[in-house]
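Quick notes on the structure that follows.
The values are calculated or read from the model by the stated rules, or taken from the named source; none is laboratory data. This one's a predicted model, so the numbers in the text were calculated from it and none came from an experiment. For neighbour counting, all protein chains shown are included, and Cβ atoms are generated from backbone atoms with ideal geometry for every residue, glycine included.
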Amino acid sequence: KAGVTQTPRYLIKTRGQQVTLSCSPISGHRSVSWYQQTPGQGLQFLFEYFSETQRNKGNFPGRFSGRQFSNSRSEMNVSTLELGDSALYLCASSKGKGPGANVLTFGAGSRLTVL
Amino acid sequence: DAKTTQPNSMESNEEEPVHLPCNHSTISGTDYIHWYRQLPSQGPEYVIHGLTSNVNNRMASLAIAEDRKSSTLILHRATLRDAAVYYCIPYTGAGSYQLTFGKGTKLSVIP
């Protein structure tokens, strides 16, 4: 069974640019969540999508956005990049509903460096 | 969200049992207690979860206090691969859909 796939694994951007990260969930999982991990703040929740609808959003500025497609794949976008956006961005998938709904499977992450 | 308190770090000898404690005194009656771990350079990995009674799976056991204000993750025989940061997370689930990670406990396993 394939795990959660995130692309790209590493990327370098400059301030002011924008970036799009992609996440392919486990087959059959309809929920995708995104987390940001930095040494200072630890793991912080960005947003969660289920069946193309955002069900919850963390405390991040509007520069951070996401979407989910009908095949459950998800993308997140960060516009007008700042140095502080340098982080590991983690995607997690789950069934989203029913038994085992709350068990998340994480991908390996996308490491973003902003120069 | 319920607050959790975990030791910053712990050490264990290889092949010895490890008991990782977590205090969650403000947990609500409907919150499950989830444990995740994060190995170096990897995303977090689900370990186990429970509500009231003790739980076992192939990775670990979870002992939950009767008053649910604390829990203990038990690794029966620590291996080098168990060296990771372990997170205890009270999770409401429906209506929340987010995990609130604290700083966790960094477990070192000594060969």
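When restricted to residues that are within 24 Å of A:Leu43 (Cα to Cα) and in contact with an Asp or Glu (Cβ under 7 Å, 6 or more places away or on another chain), the stretch B:81-110 contains 9.
Does at least one position in the stretch B:73-83 carry a residue that is in contact (Cβ under 8 Å) with a residue 12 or more places away in the chain, within 14 Å of chain A (Cβ to nearest Cβ) and closer than 25 Å to A:Gln37 by Cβ? Checking the stretch B:73-83: not a single residue is in contact (Cβ under 8 Å) with a residue 12 or more places away in the chain, within 14 Å of chain A (Cβ to nearest Cβ) and closer than 25 Å to A:Gln37 by Cβ. When we screen B:Thr5, B:Thr72, B:Thr100 for residues that are surrounded by fewer than 20 Cβ atoms within 10 Å (Cβ to Cβ) and under 21 Å from A:Asn56 (Cβ atoms), the only hit is B:Thr100. Considering only residues of the stretch B:24-58 that are in a loop (DSSP other than H, G, I, E, B), among the hydrophobic types (A, V, I, L, M, F, W, C) and out of contact with any Phe, Trp or Tyr (no Cβ under 9 Å at 6 or more places or on another chain), which is nearest to A:Thr5 (Cα to Cα)? It comes out as B:Leu39. Taking the condition away from every other protein chain (no Cβ under 12 Å) and at pLDDT below 95, does A:Gly84 pass? No; evaluated as a whole, the condition is false for this residue. Among residues of the stretch A:29-46 being within 9 Å of chain B (Cβ to nearest Cβ) and under 17 Å from A:Ser70 (Cα atoms), the one that is surrounded by the most Cβ atoms within 10 Å (Cβ to Cβ) is A:Ser33.
Inside the stretch B:59-80, can you point out the residues that are hydroxyl-bearing (Ser, Thr, Tyr) and not in a strand (DSSP E or B)? Passing the criteria: only B:Thr79.
Residues considered: A:Phe60, A:Phe106. Of these, the only one that is surrounded by 15 or more Cβ atoms within 10 Å (Cβ to Cβ), touching a Ser or Thr at 6+ places or on another chain (Cβ under 9 Å) and at negative phi is A:Phe106. In the stretch A:3-23, the residue that is nearest to B:Pro44 (Cα to Cα) out of those that are more than 9 Å from chain B (Cβ to nearest Cβ), in contact with a Gly (Cβ under 8 Å, 6 or more places away or on another chain) and part of a strand (DSSP E or B) is A:Thr5.
Here A:Ile26 passes the criteria (1) outside any strand (DSSP E or B); (2) modelled with pLDDT under 95; (3) farther than 17 Å from A:Arg111 by Cβ; (4) within 14 Å of chain B (Cβ to nearest Cβ) except the one numbered (2).
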